[in-house]
Amino acid sequence: MKRSFLCILFCLTWTANPSRCFADAPREPSESELAIGGVGGVYFLAGPGELTVDLEKRDRNRANIRTELRAILAGPDRRILQETVIPDDGLTTRGQPGPIQRARLAAKVPRKGVYALNVTVSQDRYGDHILWGFRTNCPHYLVETSRGHRDRAHEEPIVLSNPEQPGNVCFLPRRTEFSMEITGLPKDAGPLQVFDGRGALMETLQPTADATASHAFPADRHRDAVPWRLHLPRQQANIQIDGVTRWNSSDLYPNLSLWTPDPASFFPLAEYRWLLTPYSRAAYGKPGEQGEIAFQVHNNAPVEKTIQLGLEFPETSWPVECSSSKVVVPARRAQDVLLKYTVPPAGQTRLCHLRATPESDPDFSTYSTLTVSAGTAPASRSFEIPLVLKPYAHENELFGYLPDYPVENQMYFDPENRPCVKMPGGIAMLRDRAWSTVDLTAAVTSRVPAFEGSSFGAPSAKIAFDRDGDMYTLASAGRKIALLHSRDGGKTFAACLIPGREGEPRSFDIEQFSGQNLLDGPPPVLRYTQTAKDPDLIWRSLQDLELFCPTKVDGQVVMSEPVLLTKKCIGLAAHSGIPSCVVSRGSKVNVVWGEATDPNEKPAGVPTYVATYDRTAHKAGQPALVAYGPPANDVHNTPSITMDRHGFLHVLAGTHGRPFPYVQSLEPNNAHAGWTDPVTLGEGANQTYIGLVCGPDDTLYAAFRLWKQGEPPFPASHHATLAFQRKPANKPWEEPRVLMVPPFSEYSVFYHRLTLDRRGRLFLSYDYWSTFWFYRTDHRGNRRALIMSPDGGTTWKLVETADFLQAES
């Protein structure tokens with residue numbers, strides 16, 4: 001029998017004994033064997049005993065790249081149990097598949113739960129250049145094909161490549177009508193068959209002359225008998241199934257590309273995805289101190305579920321209580337439960353497992369882990385730079401970071417240096433040493449008739465303040481946009497409509513505090529309206545850029561008429577960096593933007609322009625071309641502008657994986673009297689997504705994504721870091737410093753936002769995002785955290801509310 005890449009030991013069917021999920025003795029490998037393309041991983045429902053996973057990998061050698069397969073075995077609480085790397089085969093013959101290479105991962109399983117095998121490949125985030133597979137002694141598992149992201153609708157075709165063996169793909173069928181398409185079949189594939197969960201033949205698919213097969217299945221037939229099974233007489237195919245490898249908004253389990261080659265291995269993971277999160281929590285405190293940690297019980301099923309909860313102790317028990325022994329969770333909802341604990345004696349650490357088991361499916365059960373240590377959390381101290389994130393171990397697991405403040409967005413500070421942050425539907429503020437959130441829908445007491453809604457959206461996360469302490473932010477109600485204004489510290493707001501162009505694609509920006517720009521009144525507003533989209537260049541569009549300069553009359557905001565600055569703006573990229581595109585002082589408003597160019601031309605990059613608008617004269621000067629941000633026609637290249645104490649303007653032109661060009665105006669507060677020649681922030685620096693502020697001593701600070709190639713901890717590939725750079729006044733830019741290293745190679749983004757408080761302390765909010773769907777999907781919610789530097793970027797620490805209180809005026 002020829003060796004395969006995936007040989008499954010078919011050990012047991014879905015057991016009725018929830019305490020054990022392993023066969024008494026392994027059996028010979030089945031003749032049904034697979035070779036899988038793509039990356040992703042496997043989830044195992046494993047019980048007490050030893051879990052073994054034998055991995056196999058074969059390089060396709062389609063390109064001259066170094067493909068190292070990284071495999072991580074993690075427990076139900078996502079603690080790493082074992083990690084291994086299967087290296088590149090070292091062959092250089094293009095198109096010649098290499099030999100099969102193998103590795104084993106094994107772990108003692110002390111208690112039942114959902115274990116994870118994470119599979120990634122260097123320089124191959126889509127898994128196009130390798131085939132992989134596994135054997136396991138666990139009878140219940142599901143493969144999740146989850147590649148790196150693409151800039152289009154999410155799809156995860158199942159790729160099989162072992163034509164000498166038959167095979168199956170078992171899956172949950174969409175309840176409504178769905179289609180299945182199979183391409184890349186062998187010429188002599190023979191008919192394909194689809195069975196329901198009871199083995200009844202649903203359909204026979206005859207391949208066409210071009211080696212494809214397809215079928216549309218009507219709604220509701222045999223949906224009570226799952227999983228369905230697609231049988232291939234020869235296991236070579238690219239398989240697309242609606243609701244399994246591609247999704248729409250009505251699917252029950254979007255983005256969960258779960259399947260198995262063996263119907264006996266199936267278990268109801270989709271229904272109980274994220275049943276209990278976070279998977280682990282670490283807490284610190286004084287000996288004998290009382291504390292509590294919230295966990296969420298999530299019901300991913302379309303019907304109400306009752307979940308049993310219980311506590312387990314790996315060693316001796318200690319004082320921990322769960323707020324409930326049972327919760328009833330509505331369909332597609334989550335409910336908090338609290339673990340109340342007592343901190344152990346000095347120098348000691350205690351563990352407790354919170355178990356969750358659905359009453360209707362007692363064979364499914366998993367747990368999260370609480371770790372409590374006596375002492376001060378490392379998060380209270382400065383961390384060593386760079387902070388190296390680990391797979392499944394981020395700020396809490398590494399440092400005991402438990403923010404006692406909102407982290408949904410970046411922090412802004414009013415003139416009294418009190419922090420506030422935009423929240424879904426509201427604004428959270430620290431007042432009288434406590435955080436509270438204002439519901440904007442209820443707080444907007446003065447509205448115009450055209451701006452009504454049961455809830456408000458947030459077209460921007462920015463918050464601005466004028467010198468009187470008035471607060472401003474943007475809100476949306478349907479297609480209407482308004483500038484909200486508060487005169488009482490955010491207790492109530494009045495809405496000032498920004499009218500026009502409601503039927504067109506738009507984005508908005510406002511001026512916010514970037515270090516030396518204290519507003520005299522309402523912030524200037526920028527409106528970007530897309531007028532054309534390039535069908536051939538994904539990052540190129542034409543947008544009208546308009547400036548609004550609202551005023552405050554008798555304490556009320558009056559919106560101005562828009563001033564058209566350009567019809568060729570490339571757009572606004574603000575999810576990372578959240579650049580400052582406008583800065584003002586007195587009557588002068590300075591705006592920076594990038595422009596689209598003719599695709600047939602070959603400019604050095606996106607041309608970056610700055611214009612000064614005079615509010616007194618009601619006139620904008622001729623835009624000044626100050627730099628080019630490579631490559632051309634790329635909306636990533638949004639520039640950023642700030643000013644120093646003397647009013648000189650400082651601009652970084654945006655780039656996409658290239659060094660940022662930097663320029664300074666020759667006259668204060670004036671874009672039209674000349675600029676310095678552009679200088680880059682570092683030869684060969686692969687920078688993207690600008691965050692730019694100016695400190696009290698006129699030092700410039702920039703935060704950005706910085707690519708690294710062939711360097712530790714990922715010498716076989718490239719990786720994206722979160723980096724920082726500064727320019728002391730009248731001195732050159734210093735070398736970039738890496739602040740954050742990701743847990744995985746290949747593409748990453750940090751959704752970073754750099755702000756500073758009224759004393760010049762730096763605050764950097766970030767939310768690590770890996771290209772790999774398997775890793776991202778496993779985490780429910782965001783990972784946003786907040787770090788600060790009290791000394792101009794020399795040292796950094798994770799933020800606590802105490803850090804805000806120390807800086808209040």
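The values are calculated or read from the model by the stated rules, or taken from the named source; none is laboratory data. This is a predicted model, so every value here is computed, not measured. Note: ideal-geometry Cβ built from the backbone for every residue, glycine included; neighbour counts use all protein chains shown. SASA here: full protein model, heavy atoms, side chains in, ligands and nucleic acids out. Shrake-Rupley method; radii C 1.70, N 1.55, O 1.52, S 1.80 Å.
For a quick check of your reading: which strands (runs of 3 or more DSSP E) sit entirely within the range 492-605 and have at least 2 residues that are within 23 Å of Asp470 (Cβ to Cβ)? Quick ask: steps written out before the conclusion?
Numbers: elements: 493-497, 506-510, 525-533, 541-548, 551-553, 556-558, 563-569, 582-585, 588-594.
In the range 492-605, the matching strands (runs of 3 or more DSSP E) lie at 493-497, 506-510, 525-533, 541-548, 551-553, 556-558, 582-585, 588-594.
Residue by residue through the range 460-471, note down the ones that are in contact with a Leu (Cβ under 6 Å, 6 or more places away or on another chain) and either open to solvent by less than 20 Å² (accessible area, probe 1.4 Å) or closer than 15 Å to Met559 by Cβ (or both).
Matches in the range 460-471: Ser460, Asp466.
Suppose we filter the range 174-207 for residues that are exposed (fewer than 13 other Cβ atoms within 10 Å of the Cβ) and either hydroxyl-bearing (Ser, Thr, Tyr) or touching a Cys at 6+ places or on another chain (Cβ under 8 Å) (or both); how many remain?
Number satisfying all stated conditions: 1.
Within the range 143-161, can you find the residues that are open to solvent by 20 Å² or more (accessible area, probe 1.4 Å) and in contact with a Leu (Cβ under 7 Å, 6 or more places away or on another chain)?
Once the filter is applied, which keeps residues that are open to solvent by 20 Å² or more (accessible area, probe 1.4 Å) and in contact with a Leu (Cβ under 7 Å, 6 or more places away or on another chain), the range 143-161 yields only Ser161.
Counting just the residues of the range 706-722 that are small (Gly, Ala, Ser) and free of Cβ contacts under 8 Å to residues at least 60 places away in the same chain, which one comes out nearest to Ser770 (Cα to Cα)? Don't jump to the end; show me each part of the working.
First, the residues of the range 706-722 that are small (Gly, Ala, Ser): 710, 716-717, 720.
So of that shortlist, the ones also free of Cβ contacts under 8 Å to residues at least 60 places away in the same chain come out as 710, 720.
Details: Gly710: 18, Ala720: 10 Å.
Of everything passing the filter in the range 706-722, Ala720 is nearest to Ser770 (Cα to Cα).
Does the range 208-225 include one or more residues that are assigned to a strand (DSSP E or B), more than 30 Å from the chain's Cα centre (by Cα), at pLDDT 95 or above and under 30 Å from Gly47 (Cβ atoms)? Steps first, please.
As a first pass, look at the range 208-225 and keep what is assigned to a strand (DSSP E or B): 213-217.
Filter once more, so that each one left must be more than 30 Å from the chain's Cα centre (by Cα): 213-217.
Going one step further and asking which of them are at pLDDT 95 or above, we end up with 213-217.
Keeping just the survivors that are under 30 Å from Gly47 (Cβ atoms) gives none.
No - not one qualifying residue is present in the range 208-225.
Mind listing whichever residues of the range 170-195 are at pLDDT below 95 and of a type in the set (Asp, Glu)?
Once the filter is applied, which keeps residues that are at pLDDT below 95 and of a type in the set (Asp, Glu), the range 170-195 yields only Asp188.
Report yes if Thr771 is crowded, with 23+ Cβ neighbours inside 10 Å and β-branched (Val, Ile, Thr), otherwise no. Steps first, please.
Numbers: crowded, with 23+ Cβ neighbours inside 10 Å: no; β-branched (Val, Ile, Thr): yes.
In short, no.
Condition (residue is farther than 12 Å from Phe178 by Cβ, without any contact (Cβ under 8 Å) to a residue 40 or more places away in the chain and open to solvent by 50 Å² or more (accessible area, probe 1.4 Å)) applied to the range 230-249: is it met by at least one residue?
Scanning the range 230-249 turns up at least one residue that is farther than 12 Å from Phe178 by Cβ, without any contact (Cβ under 8 Å) to a residue 40 or more places away in the chain and open to solvent by 50 Å² or more (accessible area, probe 1.4 Å).
Checking the condition over 30 Å from Pro358 (Cβ atoms), among the charged types (D, E, K, R), touching a residue at least 60 places away in the same chain (Cβ under 8 Å) and open to solvent by 10 Å² or more (accessible area, probe 1.4 Å), which residue from Asp88, Asp124 passes? Outline the logic, then answer.
Working: Asp124 fails: open to solvent by 10 Å² or more (accessible area, probe 1.4 Å).
Result of the check over Asp88, Asp124: Asp88.
Scan the range 31-62 for residues that are at pLDDT 95 or above, aliphatic (A, V, I, L, M) and part of a loop (DSSP other than H, G, I, E, B) and jot them down.
If the condition is that a residue be at pLDDT 95 or above, aliphatic (A, V, I, L, M) and part of a loop (DSSP other than H, G, I, E, B), then Val39 is the only one that fits.
Within the range 318-341, which residues are in contact (Cβ under 8 Å) with a residue 24 or more places away in the chain and closer than 15 Å to His353 by Cβ?
Selection gives Trp318, Val320, Cys322, Val337, Leu339, Tyr341.
I need the full set of residues from the range 618-654 which are touching a residue at least 24 places away in the same chain (Cβ under 8 Å), more than 27 Å from the chain's Cα centre (by Cα), outside any strand (DSSP E or B) and at negative phi, in order please.
Gly621, Gln622, Pro623, Asp644, Arg645, His646 - these are the residues of the range 618-654 that are touching a residue at least 24 places away in the same chain (Cβ under 8 Å), more than 27 Å from the chain's Cα centre (by Cα), outside any strand (DSSP E or B) and at negative phi.
Quick one: Thr136 ticks every box in (1) within 24 Å of Ala103 (Cβ to Cβ); (2) in contact with a helix residue (DSSP H, G or I) (Cβ under 7 Å, 6 or more places away or on another chain) except a single one, so which number is it?
(2)
Hey, which of the strands (runs of 3 or more DSSP E) in the range 357-465, taking only ones fully inside, have at least 2 residues that are more than 24 Å from Gly781 (Cα to Cα)?
Numbers: elements: 366-374, 411-413, 419-423, 426-431, 434-439, 444-446, 463-465.
The qualifying strands (runs of 3 or more DSSP E) are 366-374, 444-446, 463-465.
Within the range 364-395, can you find the residues that are surrounded by fewer than 18 Cβ atoms within 10 Å (Cβ to Cβ), hydrophobic (A, V, I, L, M, F, W, C) and over 20 Å from the mean Cα position of the chain (by Cα)?
Correct list: Ile385 only.
Looking at the range 218-228, is at least one residue open to solvent by 10 Å² or more (accessible area, probe 1.4 Å), free of Cβ contacts under 8 Å to residues at least 40 places away in the same chain and more than 20 Å from Asp251 (Cβ to Cβ)?
The answer is no, given that none of the residues of the range 218-228 is open to solvent by 10 Å² or more (accessible area, probe 1.4 Å), free of Cβ contacts under 8 Å to residues at least 40 places away in the same chain and more than 20 Å from Asp251 (Cβ to Cβ).
Does Thr67 qualify as being open to solvent by 30 Å² or more (accessible area, probe 1.4 Å), in contact (Cβ under 8 Å) with a residue 12 or more places away in the chain and not in a strand (DSSP E or B)? First the steps, then the outcome.
Working: open to solvent by 30 Å² or more (accessible area, probe 1.4 Å): no; in contact (Cβ under 8 Å) with a residue 12 or more places away in the chain: yes; not in a strand (DSSP E or B): yes.
Criteria not met by Thr67.
Determine whether the range 424-438 contains at least one residue that is on the phi > 0 side of the Ramachandran plot and either within 25 Å of the chain's Cα centre (by Cα) or at pLDDT 95 or above (or both).
Yes - at least one qualifying residue is present in the range 424-438.
Test of understanding: among Asp432, Asp488, which residue is more than 23 Å from Val553 (Cα to Cα) and without any contact (Cβ under 8 Å) to a residue 60 or more places away in the chain? Outline the logic, then answer.
Numbers: Asp488 fails: more than 23 Å from Val553 (Cα to Cα).
Testing whether each residue is more than 23 Å from Val553 (Cα to Cα) and without any contact (Cβ under 8 Å) to a residue 60 or more places away in the chain leaves just Asp432.
Consider the range 145-194. How many of its residues are assigned to a strand (DSSP E or B), small (Gly, Ala, Ser) and in contact with a helix residue (DSSP H, G or I) (Cβ under 8 Å, 6 or more places away or on another chain)?
Start the filter on the range 145-194 by keeping residues that are assigned to a strand (DSSP E or B), which leaves 145, 148, 155, 158-162, 167-171, 178-183, 192-194.
This time we only want the ones that are small (Gly, Ala, Ser), so: 148, 161, 167, 179.
Filter once more, so that each one left must be in contact with a helix residue (DSSP H, G or I) (Cβ under 8 Å, 6 or more places away or on another chain): 148.
Final tally of qualifying residues: 1.
Hey, could you check the range 258-294 for residues that are touching a Leu at 6+ places or on another chain (Cβ under 6 Å) and not β-branched (Val, Ile, Thr) and say which is nearest to Ile36 (Cα to Cα)?
Residues of the range 258-294 that are touching a Leu at 6+ places or on another chain (Cβ under 6 Å), as a first pass: 258, 260-261, 267, 269-270, 281, 292-294.
When the remaining residues are screened for being not β-branched (Val, Ile, Thr), the result is 258, 261, 267, 269-270, 281, 292, 294.
Details: Leu258: 13, Pro261: 11, Phe267: 20, Leu269: 21, Ala270: 21, Arg281: 34, Glu292: 44, Ala294: 39 Å.
Residue satisfying both the conditions and the ranking: Pro261.
Going through Leu398, Leu389 one at a time, which residue ends up being within 30 Å of Ser460 (Cβ to Cβ) and out of contact with any strand residue (DSSP E or B) (no Cβ under 6 Å at 6 or more places or on another chain)?
Values: Leu398 fails: within 30 Å of Ser460 (Cβ to Cβ).
Only one candidate qualifies: Leu389.
In the list Gly657, Gly691, which residue meets the criterion of being buried (at least 23 other Cβ atoms within 10 Å of the Cβ) and either assigned to a strand (DSSP E or B) or modelled with pLDDT under 95 (or both)? If you could, list the steps in order and put the result at the bottom.
Numbers: Gly657 fails: buried (at least 23 other Cβ atoms within 10 Å of the Cβ).
Selected residue: Gly691, the only one of Gly657, Gly691 that is buried (at least 23 other Cβ atoms within 10 Å of the Cβ) and either assigned to a strand (DSSP E or B) or modelled with pLDDT under 95 (or both).
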